[in-house]
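Trainee: Next up is a structure, given as structure tokens.
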Amino acid sequence: MNLSKLVKLAVLGSAFMTMSSHATLVTKTFDNGDSLADFYVDRAAPASFQIIGNELVMGIDGSTSTGGGSFYDTQGMKLDITGSNYVSVDMFIDSAWTNSERFAGLWGVGRDAANSISSYPILEFQGAGVTDPSAGLAIWDNAWVDLLTLFNLDEFNTIAYKAANNGVQYFVNGTMVYSETASATTSFGEVILNAKNDGNSFDVRYDNLTYGVVSEPGAIALLGLGMLAMGLRRRKS
């Protein structure tokens, strides 16, 4: 395990100790040798999905794109997280993601109190193009919400959701950037790590996938201490 992960785990461990009555969480740190057997294909499989250098690396092969924005050109892997009301992941945002396409992100499947699907929350990076000169993180709430600029290029960024107030709250690097209260979402059934294959090849780097149940005080403590750990990661990487 590398030093940055040891630092982050120590900080998160402190968070769990201080809010043990508020959280039940699992973190997949994607260390070399860890199993990915719990993940399974969503829509279509990426070209590769493996742990490299103590990170999860998902490879997109542009030559396999069907073109035309096909449903199956969104390629990724998902994980069952039934009953969780919180999910986050560290995702590296690459400055090379500049052309006009949807790159990578964190998708979820929201569930209501009756365990029916209630929402499909998405936080993903979308590149800039000729007709749209902006680039950044976009949110899906039954329509695309304006791109967000609270991210750091060529660094890991923490993106997260929390089910709260019968809806979903969205967080980027510890700051709540959007919320909705119309979906009746009370938990998440699955988390999906994926990217859009628009004919270009690239890799997506993920780390520290965290999910489980937190209360409001627990969520605030987790996000604050998680961002402290991310700052340490950036200084040490």
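Trainee: Can you report the number of residues in the stretch 119-144 which are modelled with pLDDT of 95 or more, over 23 Å from ARG205 (Cβ atoms) and part of a strand (DSSP E or B)?
Mentor: 1
Trainee: If you don't mind, there's one more thing I want to ask. Might you let me know whether the stretch 145-153 holds any residue that is within 23 Å of ALA184 (Cβ to Cβ) and either surrounded by 16 or more Cβ atoms within 10 Å (Cβ to Cβ) or modelled with pLDDT of 95 or more (or both)?
Mentor: Scanning the stretch 145-153 turns up at least one residue that is within 23 Å of ALA184 (Cβ to Cβ) and either surrounded by 16 or more Cβ atoms within 10 Å (Cβ to Cβ) or modelled with pLDDT of 95 or more (or both).
Trainee: Another question about this same structure. Quick one: is THR74 in contact with a strand residue (DSSP E or B) (Cβ under 7 Å, 6 or more places away or on another chain) and under 22 Å from LYS162 (Cβ atoms)?
Mentor: So THR74 does not fit the description; no.
Trainee: Could you say which residue among ASP38, ASP42, ASP90 is over 20 Å from VAL213 (Cα atoms), at pLDDT 95 or above and charged (D, E, K, R)?
Mentor: Only one candidate qualifies: ASP42.
Trainee: Can you tell me which residues in the stretch 178-206 are within 14 Å of the chain's Cα centre (by Cα) and within 20 Å of VAL109 (Cα to Cα)?
Mentor: Residues satisfying the conditions are PHE188, GLU190, VAL191, ILE192, LEU193, ASN194, ALA195, TYR206.
Trainee: Which of the following residues is surrounded by fewer than 18 Cβ atoms within 10 Å (Cβ to Cβ) and in contact with a strand residue (DSSP E or B) (Cβ under 6 Å, 6 or more places away or on another chain): THR181, THR186, THR210?
Mentor: Checking each option against the conditions leaves just THR181.
Trainee: If PHE125 passes every condition in (1) crowded, with 19+ Cβ neighbours inside 10 Å; (2) without any contact (Cβ under 8 Å) to a residue 40 or more places away in the chain; (3) farther than 21 Å from ASN157 by Cβ but one, which one does it miss?
Mentor: (3)
Trainee: Now, a different point. Confirm whether ASN152 is within 16 Å of the chain's Cα centre (by Cα), assigned to a loop (DSSP other than H, G, I, E, B), in contact (Cβ under 8 Å) with a residue 60 or more places away in the chain and farther than 18 Å from ASN85 by Cα.
Mentor: Values: within 16 Å of the chain's Cα centre (by Cα): yes; assigned to a loop (DSSP other than H, G, I, E, B): yes; in contact (Cβ under 8 Å) with a residue 60 or more places away in the chain: yes; farther than 18 Å from ASN85 by Cα: yes.
Considered against the rule, which asks whether it is within 16 Å of the chain's Cα centre (by Cα), assigned to a loop (DSSP other than H, G, I, E, B), in contact (Cβ under 8 Å) with a residue 60 or more places away in the chain and farther than 18 Å from ASN85 by Cα, ASN152 comes out as yes.
Trainee: Suppose the filter is closer than 30 Å to SER179 by Cβ and touching a residue at least 40 places away in the same chain (Cβ under 8 Å); does PHE92 pass it?
Mentor: On the way: closer than 30 Å to SER179 by Cβ: yes; touching a residue at least 40 places away in the same chain (Cβ under 8 Å): yes.
Here the answer is yes, as PHE92 does meet what is asked.
Trainee: Can you name the strands (runs of 3 or more DSSP E) wholly within the stretch 28-90 that have at least 2 residues being surrounded by fewer than 16 Cβ atoms within 10 Å (Cβ to Cβ)?
Mentor: Result: 40-43, 48-52, 74-84.
Trainee: Given the structure, is ALA15 at pLDDT below 95, surrounded by 14 or more Cβ atoms within 10 Å (Cβ to Cβ), small (Gly, Ala, Ser) and in a helix (DSSP H, G or I)?
Mentor: Considered against the rule, which asks whether it is at pLDDT below 95, surrounded by 14 or more Cβ atoms within 10 Å (Cβ to Cβ), small (Gly, Ala, Ser) and in a helix (DSSP H, G or I), ALA15 comes out as yes.
Trainee: Also: Looking at (1) outside any loop (DSSP other than H, G, I, E, B); (2) over 23 Å from SER70 (Cα atoms), which is the one condition that is false for ASN115?
Mentor: Only one criterion is unmet by ASN115, namely (1).
Trainee: Would you mention how many residues in the stretch 196-237 are of a type in the set (S, T, N, Q) and at pLDDT below 55? Break it down into steps so the answer makes sense when it comes.
Mentor: Within the stretch 196-237, the subset of a type in the set (S, T, N, Q) is 197, 200-201, 208, 210, 215, 237.
Right, trim to at pLDDT below 55 and you get 237.
Total meeting the criteria: 1.
The values are calculated or read from the model by the stated rules, or taken from the named source; none is laboratory data. Note that this is a predicted model, so its numbers are computed, not measured. Ideal geometry is used to build each Cβ from the backbone, glycine not excepted, and the neighbour counts take in all protein chains shown.
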